[in-house]
Amino acid sequence: MAARGFEERVGRATARWVALVSRRPGWTTFAATVLTVLLGGYAATHLGVNADPDAMISGDLPFRARERDFHRSFRAAWDEMLVLVEAQSASEAGKAADALAARLASRSDLFAGVQVVGGGEFFRRNTLLYLDVSELEELTDRLAAVQPFLAEIARDPSSVGVSDLLRRAALASREGTDVGLDLAAALDRVSVAVEAATEGRPAPDPWGDALIGGSLSEQARHRVIVIRANADFDELLFAEPAVHAIREAARALELDPAHGVRVRITGTTVLNYEELEVVSVQGKLAALASLALFTASVFFGLRSLRILLALVASLIASLVWSNAFAAAAIGHLNQVSVAFNVLIVGLGGELGIHFCLCYQELAAKGRSRAGSLSLAGATIGSALLSSAVTTAIGFLVFLPTDYRGVAELGLLSGAGVLISLVSSLTLLPALISLGAPAEPEPSEAKPSRIAGWLRLPVVYARAVRWIAFAVALGSLALLPRARFDHNPVSLRDPNTESVQAFLDMLERSDTSPWTVDVIAPDLASAEAMAAKLAALPTVERAITLEDFVPGEQEEKRTLLETMALFLPEPSPPGPRPEPAQQLAALERLAGALAPGGAAPEGPLLAASEARLREALGRLLAAARSAPDPAPLLARLDQNMVASLPEQLGDLLVELHPDSVTLATLPPELSELMLAEDGRARIQVFPKQDLSDSAHLEEFIDGVMAVAPDATGPAVGLVEWGRVTSGAMQQALGVGFVATLLFLFLLWRNLWDTLLAFFPLLLAGLVTCAAMVLAGWSFNFANVIVLPMLLGMGIDNGVHLVHRHRTHPEEADVLATSTARAVWLSAITTILTFGSLAFASHRGMASLGQMLTLGVAATLVCYVVVLPAVLEWDDRRSRSGR
């Protein structure tokens with residue numbers, strides 16, 4: 001009785017308020033318009049954007065404290081921009097990376113620091129000391145074999161010298177002599193250079209690491225530049241100028257595939273930048289599609305253009321007022337809370353849909369416009385208030401969680417729902433009254449085409465209940481198989497450059513950005529800890545500063561001195577050969593490759609010789625037919641000689657390395673690995689590809705079992721994921737209890753409260769089970785959906801149970817406007833969020849897919865399962881009388 005009395009008081013108050021604003025629609029609309037304009041101006045000037053990812057989660061968490069402690073003592077590339085420079089040779093990659101880094105370092109307005117990992121003069125001079133003794137012995141043998149060819153290049157570093165070198169190498173190979181290089185591959189690359197010269201364009205370096213062969217690792221051909229940008233997190237696309245500057249510098253230096261170099265930009269900063277670009281474009285497209293789908297679906301349900309326009313106008317006012325609240329309460333949006341406007345459209349629009357359909361139902365019975373509006377307020381006011389409060393609770397429960405980004409979303413969405421309630425009970429009835437006839441409007445209420453099959457759950461109630469029970473048991477059995485994906489890159493658009501480059505780095509353990517860092521009291525302790533960590537099955541290697549001091553330096557120096565005996569001193573640069581000399585050398589080479597000669601060893605070499613012979617024939621023909629062959633031959637000289645003279649000069653430097661000790665290591669390297677107070681850093685690299693979330697967790701758990709205080713980007717990912725999933729579980733639990741308690745206090749009836757709740761629980765179970773069956777995982781984007789469904793779905797139960805209890809004379813709740821409003825609201829929400837499911841951005845698609853699935857499951861549970869249970873409840877109540 002107390003609950004019924006409260007509902008009646010709310011209904012009477014709502015009716016009086018709606019009657020008041022509907023009697024003065026002009027003044028109400030004018031006042032609301034002025035307020036909307038003022039609040040819109042305030043929001044536009046005071047609501048900013050905070051794109052700092054660190055602001056998304058509480059800084060008081062233990063792993064965040066360890067991160068701050070690490071950054072106070074060490075420099076690291078966790079959240080910095082990474083430029084991946086790839087070339088066909090280690091020499092070319094190193095030179096390209098050094099040149100690009102030097103150019104970027106001059107832009108102090110954009111970049112706070114630029115460093116090539118493993119680059120610079122120190123590593124260029126001492127790179128051979130980091131090879132194993134066996135690798136140096138192999139390099140010594142190779143240099144001995146190619147010594148005659150090196151002498152030729154040193155004497156004549158031009159296309160003439162290269163042509164003669166290749167001619168002698170081809171003849172020697174036919175005689176069974178080991179020429180010390182992969183001749184077939186070299187001829188193929190020279191063919192590319194000749195073909196490009198014929199077409200008047202540059203070509204990639206054909207020589208790769210011809211002098212050192214495969215001695216340097218694959219890592220040396222993939223250089224990484226670490227850049228600390230002067231980021232302004234008040235701008236959503238703060239990285240745009242920095243990214244443009246890097247790309248412009250690469251273009252100016254001709255670092256592109258046409259010149260054999262590939263430059264890609266990635267890293268957390270750039271991933272966020274490109275993601276925001278993609279989300280910005282796709283978000284606008286999705287918003288337009290959602291608005292169109294919302295309008296079409298609501299018009300189908302209302303069948304009244306005037307009421308539709310009133311509903312849309314009141315919804316726009318709700319959005320403006322909510323954004324003004326966001327500006328006053330927080331002052332900014334983050335990468336998660338920027339989505340709250342989409343939620344307001346769905347949730348605020350739902351309140352308006354219920355009011356409009358109730359009004360149409362009453363108007364269809366012959367009541368006047370004013371009487372229908374007032375009675376609609378009395379009939380549905382309590383249900384609207386209850387559903388708005390329960391929905392707001394479903395969002396406000398995010399506030400106490402450590403996931404600040406979602407906590408802010410919860411505050412804004414919860415407040416937005418309550419603001420939408422005010423708009424739906426104030427501006428909406430005023431707009432409906434504005435210019436409307438005072439007489440009844442029966443034409444605005446059309447008979448429902450779906451009323452017939454909406455009754456099927458009542459007709460087959462017993463079967464529906466048993467099927468629902470079986471589905472619940474099956475869903476419970478699948479629930480333990482639900483998983484959380486800690487990999488945020490899997491949410492990004494896979495077509496963007498930054499994602500592709502980042503995934504390539506993850507595949508190689510030596511360039512993986514996701515490493516673990518452990519701090520030891522001193523270098524000796526670090527060495528001992530590194531040995532323990534390196535023994536773990538998930539660890540590829542664990543390095544300290546000591547690992548940058550090469551071992552066996554004396555033995556290696558002896559080998560390097562031996563190599564120096566085979567290396568001739570390069571000649572001073574001379575004049576470019578005359579065209580006649582070049583043509584003669586090319587003809588000699590083509591003749592040595594002629595089919596009439598001895599058959600080369602192996603089919604691959606034969607095919608390579610044939611290709612080069614044909615390329616030379618086309619070039620010679622073009623040179624003979626040209627009025628002046630000099631430009632063509634000058635381009636050939638550049639393409640064909642390329643880096644050979646530079647490799648010779650670099651090798652001469654590398655054969656005379658420094659004596660490397662801890663004291664002689666570059667200062668920038670020591671800063672990375674050793675703190676001023678003597679504490680030492682251990683950097684741990686994974687053995688497996690960490691793009692697999694299971695591998696990532698296995699790696700982190702294994703390392704932290706040995707070093708519990710470990711930190712680093714990989715630790716942050718896993719801990720962030722666990723905090724996120726924990727926050728959602730906390731929000732779900734608190735929201736469930738709070739909403740249950742609110743409805744119980746409102747209705748003072750535990751059974752009615754449970755009736756309103758159980759379809760939502762069933763929908764949650766079905767949603768999780770469907771995700772398992774579809775192979776989907778929870779992730780950083782969609783993990784918020786279940787708590788959101790609690791707030792978005794419970795109002796369906798509130799409306800249906802409220803209608804069932806307040807209108808006991810109605811035999812079938814599904815035949816009422818309340819059921820049609822629930823159906824229309826759900827369809828609208830499915831269409832609105834379903835448009836996100838088709839986005840190429842995987843995070844948006846994941847969110848859209850799960851929202852669509854969850855809302856569809858909620859709709860089925862409320863319009864199919866709940867009526868079947870209410871049918872049983874009615875029979876139980878009648879039999880108990």
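The values are calculated or read from the model by the stated rules, or taken from the named source; none is laboratory data. Worth saying up front: this structure is predicted, and the values here are computed from it rather than measured. Glycine also receives a Cβ, built like all others from the backbone with ideal geometry; neighbour counts cover every protein chain displayed. Heads up: the accessible areas ignore ligands, DNA and RNA and are worked out on the full protein's heavy atoms, side chains in. Shrake-Rupley method; radii C 1.70, N 1.55, O 1.52, S 1.80 Å.
For the range 132-180, the set of trypsin sites (Lys or Arg not before Pro) satisfying both a DSSP loop assignment and a count of at most 11 other C-beta atoms within 10 Å is empty. Taken along the Cα-to-beta-carbon direction at a fixed 7 Å, the label points for residue 305 and residue 31 span 3.1 nm. Residue 95 contributes about 80 Å² of solvent-accessible surface, heavy atoms of the protein only, 1.4 Å probe. Out of every Cα-Cα pair in the range 510-553, what percent are more than 15 Å apart? That tail contains 48 percent of the Cα-Cα pairs. Per-residue surface analysis assigns residue 71 an accessible area of about 80 Å², computed on protein heavy atoms at 1.4 Å probe radius. Here the extension length gained between residue 676 and residue 695 equals 3.4 nm, from 0.36 nm per residue of separation less the Cα-Cα distance. Highest average first, the peptides 859-870, 707-718 ordered by how many other beta carbon atoms sit within 10 Å of their residues are 859-870, 707-718. Maximal additional length on extending the residue 328-residue 744 stretch stands at 146.4 nm, based on 0.36 nm per residue less the C-alpha distance. A straight line joining the Cα centroids of the range 241-267 and the range 58-73 runs 34 Å. The label-point distance for residue 500 and residue 872, in a model that sets each label 7 Å from Cα toward Cβ, rounds to 5.6 nm. Report the label-to-label distance for residue 588 and residue 8 in nanometres (one decimal), using points 7 Å from each Cα along the Cα→Cβ vector. Each label point lies 7 Å from its Cα, and together they span 11.4 nm.
Accessible surface comparison of 481, 679, 541, 68, probe 1.4 Å, protein chains only, largest first: the order is 481, 68, 541, 679. Protection proxy ranking, highest mean first, for peptides 11-19, 617-625: 11-19, 617-625, where packing is the per-residue count of other beta-carbon atoms within 10 Å, averaged. Once the C-beta distance of residue 565 and residue 610 is scaled by a Förster radius of 45 Å, the resulting FRET efficiency is 0.75 to the nearest 0.05. Solvent-accessible surface (1.4 Å probe) assigned to residue 132 amounts to roughly 90 Å².
Of the chymotrypsin sites (Phe, Trp or Tyr not before Pro) found in the range 458-535, those that fall in a DSSP loop while having at most 14 other beta-carbon atoms within 10 Å are 460.
Of the residues 661, 724, 684, the one whose Cα sits farthest toward the positive end of the charge dipole of the range 606-742, with +1 on the Cβ of Lys and Arg and -1 on the Cβ of Asp and Glu, is 724. For the range 670-710, applying the loop criterion from DSSP together with a ceiling of 11 other beta carbons within 10 Å to the GluC sites (Glu not before Pro) yields 676. Extension gain, residue 754 to residue 252: 0.36 nm times the residue separation minus the Cα-Cα distance gives 173.9 nm.
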